[in-house]
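Asker: Pasting in a structure now, in structure tokens, and then I'll have a few things to ask.
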Amino acid sequence: MASTIPDPQPGTGTARETPPPQPPSDRAGRVEAHGIDHIPDHERHGRPRQLFSVWAAANVNYLSLVTGGALILMGLTLWQALAVIVTGNLFWLLTGLLSISGPAAGAPSEVITRAMYGVRGNRVNNAVVGWLISVCYFALNLAAAATAAFALVEMAGITANTGVKVAVVMVVAALTLAIGVYGHAMIMKLYLPITLALTAAFAVVAVGVFQHTDFSYVPAEPLTGTDLWAVLAAGVTLIASAPLSYTTSADFSRYLPRTAPARSVVGWTFLGGFLPGAAVCSLGALAATVVDMTDPQAGLRQLLPDWFGPLLLLALVLGTIAINALTAYSAGLALQAVGIRIRRSLSVLADGTAAVALTLYGLLASDFLDTVSNVLQLTVVLLGPALAVYATDIVLRRNRYDGPALMDETPGGPFWYTAGVNPAGALALAGGVTVSALCVNTLYTGPIARALGGVDLALPVGLVTAALLYTLLTRGKWRAPTA
């Protein structure tokens, strides 16, 4: 039995001879009933192209502007920064690959990973890679939205003192959590208009930025040699942290019919993440050639007409709410997958409470830009190997997952393995994380990074190590079942 309690739905107790075109469990006006339980075939609906707006709305956001501008602040030339942005955003292909497991299993990523780690091992995986990191990202994005909202409040003539800041954070969090609580159908309904609104707003931003950009920008002291490679590697890691954070992409594709073409699921997910991710990050980098992007809001307002200032801030808040609603939704599923029997809607609220506390600390007690850079780079140590194990499992199984079998948590179940743990997945993840940690250069410098003069290879080394280990172990003594 899955560790979940369905949310009550009014009017769903009456039996129906024929399933409705759009099932009551997945309507935008109702709290989603399903949590981590299996979605039966008769409740599957939608088309892969709907995934584009889900990921597009989530990637037109303030944090992307911040990370794009940070590349210039790190000492790169404009064209080096743009190359890093394109390279980092190519990791959306892996996010797209993970998303094809959703229609195949009719289950969220938090359950599908039982195939890699075992029932008990997956609870630990979800507690750390799923829940904890999701809450950290929720807090970072909430802080980003709040800083834009603070400026909006100041424009209205209200002093953003500590009390006002706390109130603003609570309001933005409440709007975000409302979407997460209502769930999948609400996300699918809202994100197309959100994408269109944000595209219109950022088109205005693009015009203003392009008019002022210094396309020949080179820093006063250009980076060379090892220093350049170190910054390039750190930059790719910083940008790639966005797609790598969505090891839960099957959460948003699991309602698609089992027959949904895998190529379309990958393609629409990739385009929805890559196009706006690359575009908005690039706007941050372009703007940083002429204004100080340590304060992105103030910097961008110098390049835009005065009347657009409030609209820009509203767009930044809206975009961040969109990305955070996805994070809150997945964090709620992760909390269920840890083994806590709680309704999905309540788990989302619990995650939001933890994230609000982290946000208030981040805003009131630390430097926001440094916090963003360090946390995003450090989480790759965990997220890179976790994504590699997941992607490798999909390839080895040829995306064949038995959704009902994944729900079986009993010792005799197909994914119990050894005492509830799949040694192959556990060792591959541990090995990838260990080697990645030796290569990191952010909050601390690992011995390999130190030997390389500060070049951080945590991302590629962690990905390759975890994938190779998992492949060797599943083809050897601990062969993964082909469910």
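The values are calculated or read from the model by the stated rules, or taken from the named source; none is laboratory data. Note that the coordinates shown come from a computational prediction; the quantities given were computed from them, not determined experimentally. Methodologically, a virtual Cβ is constructed for each residue, glycine included, from the backbone with ideal geometry; neighbour enumeration extends over all protein chains shown. For the accessible areas, the whole protein counts, side chains as well, though only heavy atoms, and no ligand, DNA or RNA atoms are used. Shrake-Rupley method; radii C 1.70, N 1.55, O 1.52, S 1.80 Å.
Asker: In segment 144-165, which residues are part of a helix (DSSP H, G or I) and hydroxyl-bearing (Ser, Thr, Tyr)?
Answerer: If the condition is that a residue be part of a helix (DSSP H, G or I) and hydroxyl-bearing (Ser, Thr, Tyr), then 147, 162 are the ones that fit.
Asker: Residues that are within 27 Å of residue 251 (Cβ to Cβ), at least 3 per element: which helices (runs of 4 or more DSSP H) completely within segment 391-483 meet that?
Answerer: 403-406, 423-439, 458-474
Asker: Which members of segment 410-456 meet the condition of being over 13 Å from residue 122 (Cα atoms), among the aliphatic types (A, V, I, L, M), crowded, with 19+ Cβ neighbours inside 10 Å and out of contact with any Gly (no Cβ under 8 Å at 6 or more places or on another chain)?
Answerer: Within segment 410-456, 428, 448, 449, 455 meet the criteria.
Asker: Follow-up question, since we're still on this one. Suppose the filter is open to solvent by 10 Å² or more (accessible area, probe 1.4 Å), at pLDDT 95 or above and within 16 Å of residue 242 (Cα to Cα); does residue 140 pass it?
Answerer: The answer is no for residue 140.
Asker: Take segment 275-306 and flag every residue that is of a type in the set (S, T, N, Q) and either under 24 Å from residue 110 (Cβ atoms) or open to solvent by 30 Å² or more (accessible area, probe 1.4 Å) (or both). Lay out the reasoning, then the answer.
Answerer: Taking segment 275-306 and keeping what is of a type in the set (S, T, N, Q), we get 282, 289, 294, 297, 302.
Listed by number, the residues that qualify are 294, 302.
Asker: Examine segment 91-108 for a residue that is assigned to a helix (DSSP H, G or I) and without any contact (Cβ under 8 Å) to a residue 60 or more places away in the chain, and state whether such a residue exists.
Answerer: no
Asker: Consider residue 272 carefully, then state whether it is at pLDDT 95 or above, surrounded by fewer than 20 Cβ atoms within 10 Å (Cβ to Cβ) and part of a helix (DSSP H, G or I).
Answerer: So residue 272 fails the test.
Asker: Moving to a separate point now. Restricting attention to segment 102-160, which residues are of a type in the set (Gly, Ala, Ser) and within 17 Å of the chain's Cα centre (by Cα)?
Answerer: Matches in segment 102-160: 102, 109, 127, 130, 134, 139, 143, 144, 145.
Asker: Report, by residue number, each residue of segment 201-260 that is open to solvent by 10 Å² or more (accessible area, probe 1.4 Å), closer than 30 Å to residue 112 by Cβ, part of a helix (DSSP H, G or I) and not small (Gly, Ala, Ser).
Answerer: 236
One line per residue, one yes/no per condition, for (1) out of contact with any Leu (no Cβ under 6 Å at 6 or more places or on another chain); (2) assigned to a helix (DSSP H, G or I); (3) surrounded by 24 or more Cβ atoms within 10 Å (Cβ to Cβ):
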residue	(1), (2), (3)
48	yes, no, no
51	yes, yes, yes
58	no, yes, yes
85	yes, yes, yes
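Asker: If I filter segment 404-415 for residues that are at pLDDT 90 or above, over 28 Å from residue 235 (Cα atoms), touching a His at 6+ places or on another chain (Cβ under 7 Å) and not hydroxyl-bearing (Ser, Thr, Tyr), do I get at least one hit?
Answerer: yes
Asker: Of the residues that make up segment 115-127, is at least one surrounded by 24 or more Cβ atoms within 10 Å (Cβ to Cβ), farther than 30 Å from residue 283 by Cβ and among the basic types (Lys, Arg)?
Answerer: The answer is no, given that none of the residues of segment 115-127 is surrounded by 24 or more Cβ atoms within 10 Å (Cβ to Cβ), farther than 30 Å from residue 283 by Cβ and among the basic types (Lys, Arg).
Asker: Residues in segment 276-297 that are farther than 18 Å from residue 211 by Cβ and part of a helix (DSSP H, G or I): how many?
Answerer: So the answer is 5.
Asker: Being closer than 16 Å to residue 324 by Cα and of a type outside the set (A, V, I, L, M) is the requirement here; does residue 180 meet it?
Answerer: Yes; evaluated as a whole, the condition is true for this residue.
So that you can scan it fast, the table gives a plain yes or no per residue for (1) out of contact with any helix residue (DSSP H, G or I) (no Cβ under 8 Å at 6 or more places or on another chain); (2) farther than 30 Å from residue 405 by Cβ; (3) at pLDDT 95 or above; (4) among the aromatic types (Phe, Trp, Tyr):
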site	(1), (2), (3), (4)
59	no, yes, no, no
69	no, yes, no, no
81	no, yes, yes, no
118	no, no, yes, no
147	no, yes, no, no
150	no, yes, no, yes
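Asker: Residue under question is residue 102, and the condition is that it be open to solvent by 10 Å² or more (accessible area, probe 1.4 Å), out of contact with any Gly (no Cβ under 9 Å at 6 or more places or on another chain) and not charged (D, E, K, R); does it hold?
Answerer: So residue 102 fails the test.
Asker: Determine whether segment 175-188 contains at least one residue that is of a type in the set (Gly, Ala, Ser) and at pLDDT 90 or above.
Answerer: Looking through segment 175-188, at least one residue is of a type in the set (Gly, Ala, Ser) and at pLDDT 90 or above.
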